[in-house]
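Peer 1: Mind having a look at this structure? Questions to follow.
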Amino acid sequence: MTRRSFGVTFAAAASRALSQQSGAGDFHVSPEAGDAGDGTPAKPWSLGRALSAVDLIRPGATVWLHGGAYTGHFECRLAGSEEKPIVIRPYPGHAVLIDAKGESAGALVVSGPWTVFRDLEITDSDPDRTATRPPGVSVLGPHTNLVNLVIHDCGIGIGFWTNCLGPAAVYGCLIYHNGWQGAPPDRGHGHAIYSQNREGIKRLADNIMFNQFSFGIHAYGTQAAFLKGFDIEGNISFNNGSLSRGRAFTSNILVGGDTPAEHIVLRENLTYFDKPGNSIRLGYNAANRDAIVHDNYIVGTAQIELWEKMEFTRNTVVSGGPLLRLSESPASPAAGPWEDNNYVQLDAQRSPFEISKAGWNFAQWRQRGHRDAHSRLRSGRPDGPRVFVRPNRYEPGRAHVAVCNWDGASAVPVDLAGVLHSGQSFEVLCAQDYFGAPALRGVYSGKPVQLPMTPRTPTQPVGVVPCPPGPTGPEFEVFVVRSVQPI
């Protein structure tokens, strides 16, 4: 996958702020502290006090959270600026957990503008998965960045709402096991990211999302909502909906609702289902305006409907069901190039294309749809492994790696030259067992690293869920590579 600039001035300002070391603009927080401190290392604040200290914490400051568990609900009202966002992050070498513990408002609400939250673990240890569950992070403040967070076992992982104007981003996060489901006939509820947008661009980039009760990315709204301006890039989203009753898969990425979606970019994402389902869904009820969809690797059906302009190029779709499911009129397909795609049909007995519920073969699709020049269709499983490496722009030596291991090999070689340098110590964590023992440790030699693909039991959700997750290996696995200090 080709890399591109993350763009926008907020990302540049955030990068500068994230590299700050201790100085006059630093404030310290401890889980044992009360409200009587002064924010110094010797007299730290409580987290609630720090996030409300709008009179003391100015643009460009860093709020350092010392290690431990912070329990309850917290609201951040701090206000940074475009050139000097406020950064909230763990103190170096410390691990920080924010646990809502059943608080109805959720773990964290971000109300102020121009803030960056990074490297935190956010959860809800309440074991009840049968009633409405509060969100992990609700973002209301304009121009917020969430970077490299781990969010699990909440209701919605992240609510990224309209009041959070762009530029804003969710970047590099690991989001899993979120949601709940009541008694039959209730469906599963709770997505990894639920987002709407009215102004600027929201970027959802390089996140790993899996095993929610409902959708992965859910950019959706009613007629009163806005779905304008999303750049969805480099995400790995798989098996969402799988915790719900009957493993009722939803979609790994949904963009669409009862309001027109416009200025949508979907690029270089990997989505995967281990059984047939709509892996991505672009469009819902309303007629939409324009989308660019390119260089994605989609395992499962791509459902696409009601777009005035749709550029669909250089994508790979692998499915045991329909490859494409379109509800547009075949006589008037969406304007825009639709070409140079790879289609892999796992079940040759199925019609590869479903247009307005009618099955089409490839020749009919190309002739009547007037599209897909230079595209290819084949039947059977893909050959060899397909490896995706996404270096992290905020943390050198870190990357997300996904492997579609179509040959079922016990290990797959992965080139990490763009992530690590020779002689660097590293570890490889299984995303589905992120806090478990590393899948691999070593010193990088410059040669490809052999990633193990043997089935690994994933971490189990908090409480009792209708369908506990099982291994996805050896066919599919996702890893987090991190450089480490040698022991």
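The values are calculated or read from the model by the stated rules, or taken from the named source; none is laboratory data. Quick caveat: nothing in here was measured; it's all calculated off a predicted structure. Cβ: placed from backbone, ideal geometry, glycine included. Neighbour counts: every protein chain shown.
Peer 1: Going by the structure shown, is residue 428 more than 30 Å from residue 309 (Cβ to Cβ) and touching a strand residue (DSSP E or B) at 6+ places or on another chain (Cβ under 6 Å)? Reasoning before the result, please.
Peer 2: Numbers: more than 30 Å from residue 309 (Cβ to Cβ): yes; touching a strand residue (DSSP E or B) at 6+ places or on another chain (Cβ under 6 Å): yes.
Yes; evaluated as a whole, the condition is true for this residue.
Peer 1: Do we have residue 235 as crowded, with 22+ Cβ neighbours inside 10 Å and either outside the structural domain of residue 282 (by TED's automatic domain parsing) or touching a Phe, Trp or Tyr at 6+ places or on another chain (Cβ under 8 Å) (or both) here?
Peer 2: Against the criterion (crowded, with 22+ Cβ neighbours inside 10 Å and either outside the structural domain of residue 282 (by TED's automatic domain parsing) or touching a Phe, Trp or Tyr at 6+ places or on another chain (Cβ under 8 Å) (or both)), residue 235 does not qualify.
Peer 1: Any residue at all in region 87-103 that is surrounded by 24 or more Cβ atoms within 10 Å (Cβ to Cβ) and not aliphatic (A, V, I, L, M)?
Peer 2: Looking through region 87-103, none of the residues is surrounded by 24 or more Cβ atoms within 10 Å (Cβ to Cβ) and not aliphatic (A, V, I, L, M).
Residues are listed down the side, and each one gets a yes or a no for (1) in a strand (DSSP E or B); (2) over 17 Å from residue 196 (Cα atoms); (3) among the β-branched types (Val, Ile, Thr):
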residue	(1), (2), (3)
264	yes, no, yes
271	yes, yes, yes
275	no, yes, no
279	yes, yes, no
285	no, no, no
290	yes, no, no
298	yes, yes, yes
303	yes, yes, no
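Peer 1: Still on this structure, I have one more. So, in region 119-156, how many residues would count as being in contact with a His (Cβ under 7 Å, 6 or more places away or on another chain) and either among the acidic types (Asp, Glu) or in a loop (DSSP other than H, G, I, E, B) (or both)?
Peer 2: 2
Peer 1: Right, another one. Got a number for residues in region 223-254 being more than 14 Å from the chain's Cα centre (by Cα), among the aliphatic types (A, V, I, L, M) and either closer than 17 Å to residue 284 by Cβ or not in a loop (DSSP other than H, G, I, E, B) (or both)?
Peer 2: 3
Peer 1: What do you reckon, is residue 77 basic (Lys, Arg), under 24 Å from residue 435 (Cα atoms) and not assigned by TED's automatic domain parsing to the domain that holds residue 195?
Peer 2: In short, no.
Peer 1: Taking the conditions exactly as written (under 15 Å from residue 389 (Cα atoms), part of a loop (DSSP other than H, G, I, E, B) and under 23 Å from the mean Cα position of the chain (by Cα)), does residue 465 satisfy them or not?
Peer 2: no
Peer 1: Within region 382-413, count every residue that is under 22 Å from the mean Cα position of the chain (by Cα) and buried (at least 16 other Cβ atoms within 10 Å of the Cβ). Reasoning before the result, please.
Peer 2: Narrowing region 382-413 to residues under 22 Å from the mean Cα position of the chain (by Cα): 386-405.
Those left that are additionally buried (at least 16 other Cβ atoms within 10 Å of the Cβ): 386-395, 397-405.
Residues flagged as under 22 Å from the mean Cα position of the chain (by Cα) and buried (at least 16 other Cβ atoms within 10 Å of the Cβ) within region 382-413 amount to 19.
Peer 1: Determine the pairs where a residue that is on the phi > 0 side of the Ramachandran plot, located within region 52-67, has a partner that is of a type in the set (Val, Ile, Thr) with Cβ atoms under 8 Å apart, the partner being 6 or more residues away or on another chain.
Peer 2: Filtered contacts from region 52-67: 60/86.
Peer 1: Which numbered condition trips up residue 229, out of (1) at pLDDT below 95; (2) at positive phi?
Peer 2: Condition not satisfied by residue 229: (1).
Peer 1: Identify, please: which residue in region 435-487 is of a type in the set (Val, Ile, Thr) and surrounded by fewer than 16 Cβ atoms within 10 Å (Cβ to Cβ) and is, among those, farthest from residue 207 (Cα to Cα)?
Peer 2: Applying the filter and picking the extreme gives 487.
Peer 1: For residues in region 255-277 being surrounded by fewer than 19 Cβ atoms within 10 Å (Cβ to Cβ) and closer than 18 Å to residue 215 by Cα, which is nearest to the chain's Cα centre (by Cα)?
Peer 2: Taking the candidates together, the pick is 274.
Peer 1: Is it the case, given these coordinates, that residue 70 is in the same structural domain as residue 106 (by TED's automatic domain parsing), of a type in the set (Phe, Trp, Tyr) and out of contact with any helix residue (DSSP H, G or I) (no Cβ under 8 Å at 6 or more places or on another chain)?
Peer 2: So residue 70 fails the test.
Peer 1: Do any residues in region 337-365 that are at pLDDT 90 or above and exposed (fewer than 12 other Cβ atoms within 10 Å of the Cβ) have Cβ atoms under 6 Å from those of residues that are not in a loop (DSSP other than H, G, I, E, B) and not charged (D, E, K, R), where the two are at least six apart or on different chains, and which pairs are they?
Peer 2: From residues that are at pLDDT 90 or above and exposed (fewer than 12 other Cβ atoms within 10 Å of the Cβ), there are no pairs.
Peer 1: Say we look at region 1-31 and pick out the residues that are modelled with pLDDT of 95 or more and assigned to a loop (DSSP other than H, G, I, E, B); which of these is surrounded by the fewest Cβ atoms within 10 Å (Cβ to Cβ)?
Peer 2: The residue in question is 31.
Peer 1: Could you please find all residues in region 55-78 being of a type in the set (A, V, I, L, M), in a strand (DSSP E or B) and buried (at least 20 other Cβ atoms within 10 Å of the Cβ)?
Peer 2: 63, 65 - these are the residues of region 55-78 that are of a type in the set (A, V, I, L, M), in a strand (DSSP E or B) and buried (at least 20 other Cβ atoms within 10 Å of the Cβ).
Peer 1: For region 364-409, which positions are in a strand (DSSP E or B), charged (D, E, K, R) and within 30 Å of residue 484 (Cβ to Cβ)?
Peer 2: Filtering region 364-409 down to residues in a strand (DSSP E or B) leaves 373, 376-379, 385-391, 398-405.
After this cut, where a residue has to be charged (D, E, K, R) as well, the list is 376, 378, 386, 390, 398.
Residues satisfying the conditions are 386, 390, 398.
Peer 1: Sticking with this structure for a sec: Quick check on this structure: which one of 153, 128, 186 is out of contact with any Leu (no Cβ under 9 Å at 6 or more places or on another chain), surrounded by 21 or more Cβ atoms within 10 Å (Cβ to Cβ) and of a type outside the set (Ser, Thr, Tyr)?
Peer 2: 153
Peer 1: Kindly provide the set of residues from region 410-431 that are outside any loop (DSSP other than H, G, I, E, B) and among the acidic types (Asp, Glu), ordered by number.
Peer 2: Correct list: 427 only.
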